[in-house]
Amino acid sequence: MKVKVLSRNPDDYVRETKLDLQRVPRNYDPALHPFEVAREYVRALNATKLERVFAKPFLSSLDGHRDGVNCMAKHPKSLSTVLSGACDGEVKIWNLTKRQCIRTIQAHEGFVRGMCARFCGTSFFTVGDDKTVKQWKMESPEYGEEEEPIHTILGKTVFTGIDHHWKEPVFATCGHQVDIWDEQRTSPKCSLTWGFDSISSVKFNPIETYLLGSCASDRNIVLYDMRKSTPLKKVILNMRTNTLCWNPMEAFIFTAANEDYNLYTFDMRFLESPVMVHMDHVSAVLDVDYSPTGKEFVSASFDKSIRIFPVDKGHSREVYHTKRMQHVITVKWTSDSKYILCGSDEMNIRLWKANASEKLGVLAPREKAAMNYNQKLKEKFQFHPQIRRIAQHRHLPKSIYCQIKEQRIMREARRRKELNRRKHSKPGSVPFVPERKKHIVAVVK
């Protein structure tokens, strides 16, 4: 015998407090809601418009340097601490919560070429034009104590970059060659070289920690294995690569910032062609840094702007610029994935939001729910022409706008010339070369 009983859960219709909104039972049968898509489209359109209205990414400027900011480093343990080195040899340590400088060191004579923090966060290393590598304490000296480095290593040639191993007391410097140093010794453990040109940047892989990548001025990107003490392979591009950055979530992926205005994301196992070519800058790309999520990266360019690219897209989702910002030399994405720091020629470090329209501070549960709902609506209607136009629209400085226009005309002319040549040649004599293969000269193993 079956007995049917009405069972109601009071949580579904009773308010928790008298200030709470009345709960309305809802039937999700699509036949009862014929205008649902139309309503959702209007909501998505409004959400997209409001996102552009509230897009105010610039937060503050950290000023105090007396020369252009040449390099920056993140503290591995503290979110609020960042280090910066200038072209006059000065190193500053900043507190981002107070937005002020907490310590200044006259580290080198000439440029500070590179800096990195030790994996434990107790000290940091700097290299400069005076052919020295210096290790400094992260804490300020005691009252009456001299501001002096813990260790100083004097090299034979100028060092142009430095990076620390992610787990061991080992660091790598680059200049005339790539040197691997033990912190306890004053001579390198091993020296790695392939070709005879100056190397501009060296980076350890954060996952496969014994792998290194370096960029040389003879247009090479060279990969090394610390255990083998020999280079693995190199890829030669059409123009020089300024720096590279490894993806912190995918061990084999790295992105290279090139002089030909593009960024190239490579899989180190298949260097014959890049995974993606990122094109939007209108001048040489000087620096690149990944978000801790590994899904996006930020690039700094000589065209006085920084751009945020999704890893799997060829064009940037965001471009940041100000009237006063000059050539951006260095850029860093903070470890909590919320902020971006960039250092430029005119002596300032700027702090930006990673998501331009994000509301900072604590969100109420209803605010969070509304934000998630709007985000899903925007994703649902992202390919609708009206919404897409509003979401992609950006104001650009006149110089960048005119250069983009000029480059578009040049690209169209090249394409037209190739089509004409193919049309008036023997079939198959003018091959189709995909964009990804155009910029690679050779891969040497």
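The values are calculated or read from the model by the stated rules, or taken from the named source; none is laboratory data. On a predicted model such as this, the values are computed, not experimentally measured, just so you know. Methodologically, a virtual Cβ is constructed for each residue, glycine included, from the backbone with ideal geometry; neighbour enumeration extends over all protein chains shown. Please note that ligands, DNA and RNA were not included when accessible areas were found on the heavy atoms of the full protein model with its side chains. Shrake-Rupley method; radii C 1.70, N 1.55, O 1.52, S 1.80 Å.
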Next on the checklist: Please go through the stretch 76-99 and give me each residue that is in a loop (DSSP other than H, G, I, E, B) and surrounded by 19 or more Cβ atoms within 10 Å (Cβ to Cβ), ordered by number.
Outcome noted: CYS87, GLY89, LEU96
Item to check | helices (runs of 4 or more DSSP H) enclosed by the stretch 374-445 - at least 1 residues per element that are closer than 30 Å to LEU271 by Cβ | outcome: 398-423, 435-438
Checklist entry - Has the stretch 128-136 got any residue that is open to solvent by 20 Å² or more (accessible area, probe 1.4 Å) and within 24 Å of the chain's Cα centre (by Cα)? => result no
Next on the checklist: Which pairs turn up if I take residues in the stretch 70-86 that are farther than 20 Å from HIS165 by Cα and look for partners that are modelled with pLDDT under 95 and of a type in the set (Phe, Trp, Tyr) with beta carbon separation below 6 Å, at least 6 apart in sequence or on another chain?
Outcome noted: ASN70/PHE111
Checklist outcome for this item: Of all strands (runs of 3 or more DSSP E) fully inside the stretch 182-297, the set with 1 or more residues that are closer than 30 Å to PRO397 by Cβ and β-branched (Val, Ile, Thr) is 241-246, 253-258, 262-267, 276-279, 285-290
Checklist entry - Looking at GLU318, is it within 30 Å of PRO397 (Cβ to Cβ), in contact (Cβ under 8 Å) with a residue 24 or more places away in the chain and more than 11 Å from the chain's Cα centre (by Cα)? => result yes
Checklist entry - Mind checking whether some residue in the stretch 52-65 is under 28 Å from LYS203 (Cβ atoms), charged (D, E, K, R) and out of contact with any His (no Cβ under 7 Å at 6 or more places or on another chain)? => result no
Next on the checklist: If I filter the stretch 196-245 down to residues being within 15 Å of CYS174 (Cβ to Cβ) and open to solvent by 50 Å² or more (accessible area, probe 1.4 Å), which single residue comes out as modelled with the lowest pLDDT?
Outcome noted: PHE196
Item to check | Residues within the stretch 295-331 that are at pLDDT below 95, open to solvent by less than 10 Å² (accessible area, probe 1.4 Å) and touching a Pro at 6+ places or on another chain (Cβ under 9 Å), tallied | outcome: 0
